[in-house]
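See below for the structure under consideration.
The values are calculated or read from the model by the stated rules, or taken from the named source; none is laboratory data. None of the values given here were measured: they were computed from a predicted structure. Cβ: placed from backbone, ideal geometry, glycine included. Neighbour counts: every protein chain shown. Just so you know, the surface numbers come from the protein's heavy atoms only, side chains and all, with ligands and any DNA or RNA stripped out. Shrake-Rupley method; radii C 1.70, N 1.55, O 1.52, S 1.80 Å.
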Amino acid sequence: IRSRVSAAADRLDYRHNRGASNLRSASGRTGSIGALVQDVSNSFSASLLRALEDSARARGNAVLAASLDEEEARERALVNSLVERRVDGLVIIPATSRQDYLAGDLRAGLPVVFVDRKPAGVDADSVSVDNVEGGLLATNHLLTQGHRRVAAILDNISIPTAEQRRRGYFKAHAARGVSPDPELIVTEVRDAAHAQEAAERLLALPDPPTAFFAGRNVISLGVARALAARGLRHSVAVVGFDDFPMADLLEPPLTVIRQDVTRIGRLAAELLFARIDGDTSAPTHVVLEPTLVCRGSGEIPPRALS
């Protein structure tokens with residue numbers, strides 16, 4: 001009997017204690033929104049949450065936030081938990097490859113805005129940055145300095161943002177009619193410690209890289225530590241994707257591809273609260289341009305490493 005009830009619940013998009021679309025009116029609001037990010041301790045996620053909080057606070061709303069850690073099961077469980085608490089809407093940096101599981105909630109009138117990655121399997125509002133352009137900007141900047149052995153250290157390429165940044169790296173090389181050495185491309189790097197290990201392995205090659213494209217802020221930190229440990233901070237160039245607090249205080253200050261995270265958060269909040277207030281127009285997909293911020297590390301010229 002239990003299995004038949006569960007099957008019927010799935011078929012009917014039933015979820016315990018969920019307000020249906022006719023309850024998502026002004027009188028049925030809870031004054032809270034959910035925000036699911038990759039890691040609340042990461043500077044990108046923290047800045048995004050602050051922008052969401054500021055917008056929500058202006059409306060007298062609370063933000064319930066949690067970390068996904070790139071775990072699909074965790075995302076589904078946290079979405080279930082927030083929906084059962086009848087939040088008025090969700091902002092999600094998805095860990096899942098497809099978000100079909102939200103189709104029933106979207107049909108029931110739950111406003112959802114995706115950040116950093118566009119949705120797959122469903123259509124809903126999203127705010128992201130042009131990651132291909134960011135990867136191209138970073139790599140092209142290093143190639144323009146004269147570097148020909150540019151290493152790329154990236155996150156798990158099953159993550160759309162990491163794959164897009166890798167595409168930008170290849171695109172910059174292709175525009176010059178060259179191909180990067182596959183030995184200089186390291187993926188599946190999740191944190192600063194692994195990034196440091198990867199950078200140290202690359203620097204130990206017979207023909208090491210003279211520059212690094214670090215595909216995420218924590219990767220930039222790992223690369224910086226590896227260069228400091230080898231006394232190469234002023235000999236090897238680095239451009240990192242994402243700015244972070246004190247990046248300008250590194251030695252040399254870190255050149256970065258900056259996302260306007262505060263703007264991303266504000267736009268996501270605007271889209272979400274417009275839906276909560278009754279906007280039923282077609283989904284909007286906002287794609288922002290990243291910017292190159294030159295500080296010194298990305299402007300180091302190539303030189304032979306002993």
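Once you charge only the Cβ atoms, +1 for Lys and Arg and -1 for Asp and Glu, what is the size of the charge dipole of the chain about its Cα centre, to the nearest 20 debye?
340
Viscosity 1.306 mPa s, temperature 10 °C: what is the translational diffusion coefficient of the stretch 18-174 from Stokes-Einstein with a Kirkwood Rh over Cα pairs, rounded to a whole number of µm²/s?
93
Can you give me the C-alpha center-to-center distance between the stretch 197-262 and the stretch 80-116, rounded to a whole angstrom?
Going from one Cα centre to the other spans 35 Å.
Could you derive backbone 3J(HN,Hα) for the stretch 29-39 from the dihedral phi with the Karplus parameters 6.51, -1.76 and 1.60 (θ = phi - 60°), listing whole Hz in sequence and x where the residue is Gly or Pro?
Rounded to whole hertz, the list is 6, 9, x, 9, 10, x, 9, 10, 10, 6, 7.
For Leu292 and Ala58, calculate 0.36 nm times their separation in residues minus their Cα-Cα distance, and state this gained length in nm to one decimal.
Taking Leu292 through Ala58 to full extension adds about 81.0 nm, to one decimal.
In deg cm²/dmol, rounded to 500, what helix-only [θ] at 222 nm does the chain give when every DSSP H run of at least 4 residues adds -39500 (n - 2.57) and the total is split over its residues?
-11500 deg cm²/dmol
Output ³J(HN,Hα) for the stretch 285-299: one whole-Hz value per residue in order, computed from phi by the Karplus curve 6.51 cos²θ - 1.76 cosθ + 1.60 with θ = phi - 60°, and x for Gly and Pro.
10, 9, 10, 9, 8, x, 10, 8, 10, 8, 10, x, 5, x, 10
The chain: longest stretch without exposed GluC sites (Glu not before Pro) (DSSP loop, at most 16 other Cβ within 10 Å), sites themselves excluded?
Longest stretch, sites excluded: 189-306.
Tell me the per residue accessible area of the chain using a 1.4 Å probe; a whole number in Å² is fine.
46
Can you give the relative contact order of the stretch 60-117 as a percent, counting alpha carbon pairs under 8 Å and 6+ residues apart?
Relative CO of the stretch 60-117 lands at 36 percent.
Relative contact order for the chain using alpha-carbon pairs under 8 Å, separation at least 6, rounded to a whole percent?
Relative contact order here is 19 percent.
Read through the labelled values (1) 21.6, 72; (2) 19.0, 59; (3) 18.2, 57 and report the label of the one computed as Rg and Dmax of the Cα atoms in Å from the structure.
(1)
So how exposed is Ser47, as accessible area in Å² (1.4 Å probe, rounded to 10)?
About 50 Å², rounded to the nearest 10.
Counting DSSP beta bridges in the chain, what percent are antiparallel, to the nearest 5?
Expressed as a percentage, antiparallel bridges in the chain total about 10.
Carbon and sulfur atoms: what percent of the 1.4 Å accessible area of the chain do they account for?
About 50 percent, which is the carbon plus sulfur part of the accessible surface.
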